[in-house]
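This report refers to the structure that appears directly beneath it.
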Amino acid sequence: MAYSDKVIDHYTNPRNVGTLDKSKNNVGTGLVGAPECGDVMRLQIEVDANNVITDAKFKTFGCGSAIASSSLATEWLKGKSIDDAMAIDNMDIVEELALPPVKIHCSVLAEDAIKAAINDYRVKNGLEALVSEKSHH
Amino acid sequence: MNLPIYLDNNATTPMDPRVLEAMIPYFTQKFGNAASRNHPFGWAAEEGVDYAREQVAKLIGANEKEIIFTSGATEANNLAIKGVFEMYKDKGNHIITCTTEHKAVLDACKHLEKLGAEITYLQVKSDGLINLQELENAITDKTILVSIMYGNNEIGVIQPIKEISAITHKHGALFFTDATQAVGKIPVDVIADGIDLMAFSAHKMYGPKGVGALYVRRKNPRVKVTAQMDGGGHERGMRSGTLNVPGIVGFGKACELCNLEMAEEAKRLSALRDKLESSLTILEESYVNGNREYRLPHVANISFKYVEGEGLMMAMKDMAVSSGSACTSASLEPSYVLKSLGLSDDLAHSSIRFGLGRFTTEEEVNFAIEQTKKAVNHLRDLSPLWEMFKEGIDLDKVEWVEH
């Protein structure tokens with residue numbers, strides 16, 4: 001199975017690899033997946049006073065599609081409001097990266113990581129964690 | 001050096017040009033059916049097959065009458081296991097095998113379970129070898145067959161075949177071995193090794209795809225298998241179907257070449273393999289899987305902790321290797337062979353198999369070492385697990401959100 005050009009591009013030149021200071025109140029961290037499953041994503045967002053995401057970073061243990069999904073997610077997150085970020089759907093990622101059916105779980109994991117990062121930020125700032133209406137599991 | 005380089009010789013090998021040369025006349029000139037006994041076209045084909053049968057038999061120390069040509073090792077494995085079960089069902093219904101066998105053996109056994117067979121799946125030790133005492137303890141008066149592979153396809157470990165066959169025979173059962181990865185790579189002798197039935201394949205030893213053989217012993221004891229396909233009664237009635245003459249001729253030539261060259265080749269490849277391993281295990285947290293003493297000369301299976309195998313292979317883009325990672329298959333389960341050794345799922349996901357071969361050069365191995373190192377470092381820079389490991393976090397204590 002060949003990878004799409006966009007997966008190869010994100011894999012070869014991953015955007016926004018790195019670590020934000022998770023002790024800061026305006027940083028939300030999402031860590032999803034498990035080593036036994038072969039994918040772990042850590043996605044972090046930094047949020048300003050207007051609820052806009054000013055920075056996003058990731059690190060991913062996983063296949064090329066998982067790395068590309070999280071790289072793409074950080075690109076999309078920067079500049080978005082928390083509400084808009086919450087609306088990112090895994091199928092948008094599938095479409096953008098032309099992921100085959102066997103790799104859809106990579107996009108699901110990226111969506112989960114976004115939501116986990118947002119919720120971490122919310123809880124840190126005294127807000128309730130949001131529950132996603134849809135369930136992939 | 002041409003890119004990409006091929007280091008997946010356990011999956012298949014390129015055909016040796018000398019094999020191709022031997023095959024060519026049998027496509028267009030000597031195209032006869034080897035079973036046509038009454039004209040020169042048939043005779044020419046039969047002559048080619050007879051000669052190949054001798055070449056194949058010679059490589060494994062057998063008599064040519066003991067070679068049953070098949071479409072490959074999968075068919076030979078099926079014929080051996082199902083054929084023995086059917087032929088010896090009055091004697092018993094118990095078969096012993098082990099958890100690291102190829103799927104062609106395991107799934108044939110599973111099929112027989114539905115037909116009333118009792119199967120014992122022996123566990124292997126952490127180095128991939130079976131425990132001989134456990135084997136002996138598992139044998140009952142209903143045991144008709146012990147099926148243990150010669151060399152493993154993923155980690156290359158070589159089972160103690162002589163000891164296994166001796167134990168098997170002591171208790172009156174037959175010994176079958178799937179020797180697909182071993183024949184042509186290391187000396188295999190059916191008499192010295194005490195083998196009653198043995199499956200092997202041409203395309204793993206620089207011959208063509210689509211042809212293999214089952215060795216079936218004719219003396220001490222005389223072994224029979226029930227045919228699994230009905231037809232013209234070819235191959236002493238054990239395997240019907242018009243013989244694949246060009247394939248068989250190529251198989252014979254491949255065996256002859258292995259016989260001549262394998263000792264030198266094994267020496268050269270094990271030196272290259274050792275170089276590859278010692279250069280790559282310099283990387284932190286990298287581990288060689290399987291016993292390092294009893295193993296095939298051309299396979300190295302290494303886990304690079306905290307990176308995922310498929311992601312890693314993508315970075316090793318100018319080389320063809322394979323991984324025990326789940327992501328390479330639709331099942332999402334990592335390699336059952338590596339898990340049988342007791343490897344955790346994450347280490348199984350992190351494994352790469354390098355399979356060297358006759359045409360692998362030192363230059364290619366050097367290239368592979370550099371590419372792999374670069375790829376592992378690239379992936380570790382991206383890996384949250386590597387960062388956590390470096391921070392001293394115990395990953396076993398993290399509560400993962402499984403999905």
* Asked: For the subset of segment A:1-16 comprising residues that are touching a residue at least 40 places away in the same chain (Cβ under 8 Å) and either of a type in the set (A, V, I, L, M) or in a loop (DSSP other than H, G, I, E, B) (or both), which member is surrounded by the fewest Cβ atoms within 10 Å (Cβ to Cβ)?
  -> A:M1
* Has segment A:117-125 got any residue that is within 14 Å of chain B (Cβ to nearest Cβ), of a type in the set (G, A, S), touching a residue at least 12 places away in the same chain (Cβ under 8 Å) and touching a strand residue (DSSP E or B) at 6+ places or on another chain (Cβ under 7 Å)? -> yes
* Any idea which of A:T19, A:T60, A:T54 is closer than 20 Å to B:E391 by Cβ and either more than 10 Å from chain B (Cβ to nearest Cβ) or crowded, with 24+ Cβ neighbours inside 10 Å (or both)? -> A:T60
* Looking only at residues in segment B:261-308 that are in a loop (DSSP other than H, G, I, E, B) and within 14 Å of another protein chain (Cβ to nearest Cβ), which one is surrounded by the fewest Cβ atoms within 10 Å (Cβ to Cβ)? -> B:E285
* Asked: Quick one: in segment B:1-26, which of the residues that are part of a helix (DSSP H, G or I) and within 14 Å of B:V211 (Cβ to Cβ) is nearest to the chain's Cα centre (by Cα)?
  -> B:V19
* When you go through A:A98, A:A87, A:A73 one by one, which is the residue that is closer than 23 Å to A:K22 by Cβ and not charged (D, E, K, R)? -> A:A73
* Asked: Take the residues of segment B:309-327 that are surrounded by 21 or more Cβ atoms within 10 Å (Cβ to Cβ) and at pLDDT below 85: which is farthest from B:K339 (Cα to Cα)?
  -> B:C327
* **strands (runs of 3 or more DSSP E) contained entirely in segment A:23-112, each with at least 2 residues that are under 19 Å from A:H10 (Cα atoms)** => A:39-47, A:53-61
* Residue that is nearest to the other protein chains (Cβ to nearest Cβ) [pool: residues in segment B:361-403 that are more than 36 Å from the chain's Cα centre (by Cα) and either at pLDDT 95 or above or assigned to a helix (DSSP H, G or I) (or both)] -> B:E387
* Asked: Which residues, taken from segment A:33-46, are within 17 Å of A:I118 (Cα to Cα) and surrounded by fewer than 24 Cβ atoms within 10 Å (Cβ to Cβ)?
  -> A:E46
* Structure fact -> For segment A:31-51 the number of residues that are under 15 Å from the mean Cα position of the chain (by Cα) and more than 9 Å from every other protein chain (Cβ to nearest Cβ) is 5
* Pick out the one residue from B:K91, B:K110 that is assigned to a loop (DSSP other than H, G, I, E, B), touching a strand residue (DSSP E or B) at 6+ places or on another chain (Cβ under 8 Å) and among the basic types (K, R). => B:K91
* Mind checking whether some residue in segment A:98-115 is more than 12 Å from every other protein chain (Cβ to nearest Cβ), touching a Lys or Arg at 6+ places or on another chain (Cβ under 9 Å) and surrounded by fewer than 18 Cβ atoms within 10 Å (Cβ to Cβ)? -> yes
* Starting from segment B:43-66, take each residue that is closer than 16 Å to B:M198 by Cα and list its partners that are of a type in the set (S, T, Y) and at pLDDT 95 or above, counting only C-beta distances under 7 angstrom and pairs at least six apart or across chains. => B:I60/B:Y215; B:A62/B:Y215; B:E66/B:Y215
* Conditions (1) surrounded by 20 or more Cβ atoms within 10 Å (Cβ to Cβ); (2) within 16 Å of A:D39 (Cβ to Cβ); (3) of a type in the set (S, T, N, Q): number failed by B:S344 -> (1)
* Asked: Give me the pairs: first residue in segment B:371-396 and more than 21 Å from A:C37 (Cα to Cα), second residue of a type in the set (G, A, S) and surrounded by fewer than 19 Cβ atoms within 10 Å (Cβ to Cβ), beta-carbon distance under 8 Å, and six or more apart or on different chains, which are they?
  -> B:K373/B:S279
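The values are calculated or read from the model by the stated rules, or taken from the named source; none is laboratory data. Being a predicted model, the structure only gives us computed values, none of them experimental. Note: ideal-geometry Cβ built from the backbone for every residue, glycine included; neighbour counts use all protein chains shown.
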